[in-house]
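Comments concern the structure below.
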Amino acid sequence: MAEPAITEERRALIVGASRGLGLGLAESLHDRDWRVVATVRKSSPDHENLWLQGIRIETVDIDDDASVAALRQRLGGEKFDLVFVVAGVATESDKPLHAVSRAVSAQVYLTNAVSPILFAEAFADRIAPGGTLAFMSSILGSIALNEDGGWENYRASKAALNTNARSFAVRHAERDYGILLVHPGWVRTDMGGAEADLDIETSVAGMIAVIQAFAGRRDVAYLDYRGETLAW
């Protein structure tokens, strides 16, 4: 097993850091002396604070293969101890599946379940030995734990992400890094809403602790922000 990639300057690529959990992860990792590259779909003055903190800002749309390829080229041969694909959508997820248009359902599936894996394929050789490839999943992606229904389109997309990530792991069986699917908890973000249990800081601190504990592993795990294993 590869040794954990914990060096004096650990490197992270956070994909989808314009706001919410992605932004929180980028800032918190930087505060912990990681060198961070944070991606946004479109650059705006709101991201100037990240740049001032010393976080490198790059633009990428994970639904656009050419955009992903351009990011790969801009980052050169740099390797990362953590590649965390946070980007995702929950469009019309409050509606039952039959009330959502086919076009919206297809886009949610593409962004949440397909594009993260395509991004991982493009950056598979940019993960340092002992590092981690992480995907922002959800407890709602658990088929075994779905006893309440609701959020049908979103649930299905995250269950598909979990399945696709495990297939990715099989195809990359000789990899020297681990694959982590993370449930951040129910967090007060634009997606989670004001009634959610957790603030961003608590969720992010938990996820970072999980990532650090996972470093050096080569298996696939589906964990929540407290490090507890979730049923697939």
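The values are calculated or read from the model by the stated rules, or taken from the named source; none is laboratory data. The model shown is predicted, which means the values in this text are computed figures rather than measured ones. Note that we place each Cβ from the backbone using ideal geometry, even for glycine, and neighbour counts take in every protein chain shown. With ligands, DNA and RNA removed, areas are computed over all heavy atoms of the protein, side chains included. Shrake-Rupley method; radii C 1.70, N 1.55, O 1.52, S 1.80 Å.
Out of ARG32, ARG102, ARG72, ARG56, report the one residue that is in contact with a strand residue (DSSP E or B) (Cβ under 8 Å, 6 or more places away or on another chain) and basic (Lys, Arg). Break it down stepwise before answering.
On the way: ARG32 fails: in contact with a strand residue (DSSP E or B) (Cβ under 8 Å, 6 or more places away or on another chain); ARG102 fails: in contact with a strand residue (DSSP E or B) (Cβ under 8 Å, 6 or more places away or on another chain); ARG72 fails: in contact with a strand residue (DSSP E or B) (Cβ under 8 Å, 6 or more places away or on another chain).
Just one listed residue meets the conditions, ARG56.
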- Of (1) touching a helix residue (DSSP H, G or I) at 6+ places or on another chain (Cβ under 9 Å); (2) of a type outside the set (Asp, Glu); (3) under 28 Å from GLY130 (Cα atoms); (4) not in a helix (DSSP H, G or I), GLY76 fails just (1)
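Taking into account only those residues within the stretch 85-137 that are of a type in the set (Ser, Thr, Tyr) and open to solvent by 60 Å² or more (accessible area, probe 1.4 Å), which is nearest to ILE211 (Cα to Cα)? Please lay out each step first, then the result.
Step one: filter the stretch 85-137 for residues of a type in the set (Ser, Thr, Tyr), giving 91, 93, 101, 105, 109, 111, 115, 132, 137.
Restricting the remaining residues to those that are open to solvent by 60 Å² or more (accessible area, probe 1.4 Å) gives 91, 109.
Details: THR91: 28, TYR109: 26 Å.
Filtering first and then ranking leaves TYR109.
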- Count of residues meeting criterion [charged (D, E, K, R), within 14 Å of GLY22 (Cα to Cα) and in contact with a Lys or Arg (Cβ under 7 Å, 6 or more places away or on another chain)] in the stretch 40-73: 1
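Among residues belonging to the stretch 205-227 that are assigned to a loop (DSSP other than H, G, I, E, B) and among the small types (Gly, Ala, Ser), point out the one that is least open to solvent (accessible area, probe 1.4 Å). First the steps, then the outcome.
Initial filter on the stretch 205-227 (assigned to a loop (DSSP other than H, G, I, E, B)): 215-219, 225-227.
Among the residues that remain, those that are also among the small types (Gly, Ala, Ser) are: 215-216, 227.
Numbers: ALA215: 26, GLY216: 3, GLY227: 38 Å².
The selected residue is GLY216.
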- Message: Anything in the stretch 29-54 that is more than 26 Å from ALA113 (Cα to Cα) and modelled with pLDDT of 95 or more? List them, or say none.
- Response: HIS30, ASP31, ARG32, ASP33, TRP34, ARG35
- Task: Could you grab me the full set of residues in the stretch 167-204 that are exposed (fewer than 15 other Cβ atoms within 10 Å of the Cβ) and either touching a helix residue (DSSP H, G or I) at 6+ places or on another chain (Cβ under 7 Å) or assigned to a helix (DSSP H, G or I) (or both)?
- Result: SER167, VAL170, ARG171, ASP190, GLU201
- Query: Of all residues in the stretch 19-57 being touching a Gly at 6+ places or on another chain (Cβ under 8 Å) and assigned to a helix (DSSP H, G or I), which is surrounded by the most Cβ atoms within 10 Å (Cβ to Cβ)?
  - Reply: GLY22
- Picked from the stretch 180-232 (must be under 22 Å from ASN146 (Cα atoms) and of a type in the set (Lys, Arg)), the residue modelled with the lowest pLDDT is ARG188
